[in-house]
1. Residues in the range B:67-89 that are more than 10 Å from every other protein chain (Cβ to nearest Cβ) and closer than 17 Å to residue B:52 by Cβ: how many?
2. Going through B:343, B:379 one at a time, which residue ends up being within 10 Å of chain A (Cβ to nearest Cβ) and modelled with pLDDT of 95 or more?
3. Can you tell me which of (1) within 14 Å of chain A (Cβ to nearest Cβ); (2) out of contact with any helix residue (DSSP H, G or I) (no Cβ under 9 Å at 6 or more places or on another chain); (3) crowded, with 16+ Cβ neighbours inside 10 Å is the one residue B:94 doesn't meet?
4. Out of the residues in the range B:413-448 meeting the condition of being more than 22 Å from residue B:469 (Cα to Cα) and within 14 Å of another protein chain (Cβ to nearest Cβ), tell me which one is nearest to ligand 1 (Cβ to nearest atom).
5. Kindly check whether there is at least one residue in the range B:359-368 that is within 30 Å of residue B:36 (Cα to Cα) and within 16 Å of ligand 2 (Cβ to nearest atom).
6. Given (1) away from every other protein chain (no Cβ under 14 Å); (2) within 13 Å of ligand 1 (Cβ to nearest atom), where does residue B:47 come up short, assuming only one miss?
7. Might you let me know whether the range B:61-82 holds any residue that is farther than 22 Å from residue B:168 by Cα and modelled with pLDDT under 85?
8. Anything in the range B:24-39 that is within 11 Å of chain A (Cβ to nearest Cβ) and more than 9 Å from ligand 1 (Cβ to nearest atom)? List them, or say none.
Ligand SMILES: Nc1ncnc2c1ncn2[C@@H]1O[C@H](COP(=O)(O)OP(=O)(O)OP(=O)(O)O)[C@@H](O)[C@H]1O
Ligand SMILES: [Mg+2]
């Protein structure tokens, strides 16, 4: 009864289904393809437990800060202060431990609390004074950089860093798994449960999905947004602490570049599994793609600049393909 | 299926002799696993006002999205002027002389009226620049003809839905469309505005423009259309014209059987004490000194024209805006909600007017959308703040059944539902919570006749159980049908109170135009 194949341009249902799958799983497929390719090209160096542990260990700090950023973007805001904040936190913790001789746990607690306060400030500026979050967090971040230089007088704190502090990041725990990885798993796991499996997480998703509707459904939108910034700030603090421990020094600007890596991971993540939405699991996949990409290039001795080119290109291609695939599959 | 099938019956105006403007045959379309259209056919003669009706989710909007080139059919054939056409893109649809006014109105808030009218229309240029002055000269008479009262260079921000609708009509006329498709045009218009719309539609038809008119309001359909196609579950099930075109036949074709019209029991039920009280509530310019008392167990209607300040009043009562002056009391205690969250805490609920912008999370599931105002009920417990997903799914399942929401399951994203089914989700959220006071702003907009009866029944049921319900509606028939008492608002004031037999369509419309 019906005429079929009306147009050559028309996509068959099969093609559409395939495109839909590609839009959702493209990044994961890409990640696996990358791992397989590197494994074939460099069977001795790449696919080893040691190398994988190493990649994860390296990537953990970026994953933690990206996990925090995910919360800020899930509630519909951007947090550009995280890299600068992490740098300041690194200096502070080193200063507390080296100069003030504070017990390490106390120092860690103070710095993380400070991270929460920075998040609170960001959140207040955005929700109460109603400054656009890009501007607000860029402003706060710049101020934090200034504070970092003021505190350290521009000189890295290197001398007298106690071994116990270095062990925060360099140590291993359960089954010899590096501490960084354990902390990362705890943080991302906790954030995933918070967002996906708690009533509070429902409110968080609602605010990001449609803030007007969330407000009229009785959600306290400002409070949820502030919470997003606070979590982002606390994760930045954690990354700052672990980085200082890994480097064995507190250096102004040491963590600044984590901002870009975190954004790349978060946006790559939004092209994963869900149609353009930010979520914690996606961020994890995004961070893994970047980490394995860098590692592979390192093993092949590719120059540093190519790593940046790679990071930028992967981001654009992955997000672009996902949205293209999605819109074709929808028609 | 006992509906009269009168395809091929003589058409008024001798249209059977002319080549139909548009012919669609056996159009099918699936979205993922949902077969939205299984095979629909329809043809439209030049200058005809053709009606299209069907229950929520029957496939009406999908069909016109295909005509508009927004979706591609999986199978079927479309002809214009007897020639087979591939529509493919919205641009092509425009070239073919079709213009669309979709269910969810399209406009760009940051632009002027004129810019919105000219959206996507090739524009006159002068020295390579868009010549807005000349364009304005050309557009002004058309804007006058459809009755756009706002100046062409005004921003569309703050214009009413009706005015935005007129802008869309105007755009169609500027493009010299031969077929204008209107998806539920009167859903957000008040009585007076609807009359003006009908006049415009008849005028278009007289000048040879065809109109495909989709609506759930059967009176309008009967009033305007010469032929009506009925869709049910993605198929064309009837085409009614001439003597066969009457209300019972339409209803039967739409629902596929007779509908049980719930008769209102005329006996006034005993209403409870005052739950919510407002005194001299004012927020200029829209609300000016409104006083009202809402009792437990009553359904209080607020009628009036769009723009009379009813939505703004609802927002004040719900804490979404702060009043300039005036007082409110809830259960006899002073009530000064600082936010909707605070209002919800003390037992209020609001179904807002614009479901997509103000009520729904389109990419999220039905279960998510229903549970967002009921989170305390989906937690495992106070000391275990984890979400009980099974409880959430089963609660959603109950609502889906109670409101007969047409969806595959509770995890279907709300954005994939048809307009009417989205509205049911927006209402279901609050029916689940059972607040003390429920405010519904245009609760049955875009809802089909079966579901409308069902929503009315649920509202009455809640009121009987003691809830205080405030219903805002621009549809003059709805309030007398549903309410115990009606207040009519005009220009920010309450101008009339109607009770018992005095509540009638006529009385409400008359009072709406009263100079306060
Ligand atoms: N993008 C989509 N993805 C999946 N399903 C869809 C999509 N769009 C529509 N549908 C489904 O197709 C069916 C027909 O929907 P459609 O919007 O055409 O109904 P309608 O007749 O316009 O209803 P209403 O009167 O409520 O507006 C519905 O079951 C709907 O859920
Ligand atoms: Mg529709």
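1. Within the range B:67-89, residues that are more than 10 Å from every other protein chain (Cβ to nearest Cβ) and closer than 17 Å to residue B:52 by Cβ number 2.
2. B:343
3. (1)
4. Taking the candidates together, the pick is B:416.
5. Yes, that holds for at least one residue.
6. For residue B:47, the exception is condition (2).
7. no
8. B:25, B:26, B:27, B:28, B:38, B:39
The values are calculated or read from the model by the stated rules, or taken from the named source; none is laboratory data. Values in this document were obtained by computation on a predicted structure and should not be read as measured data. For neighbour counting, all protein chains shown are included, and Cβ atoms are generated from backbone atoms with ideal geometry for every residue, glycine included.
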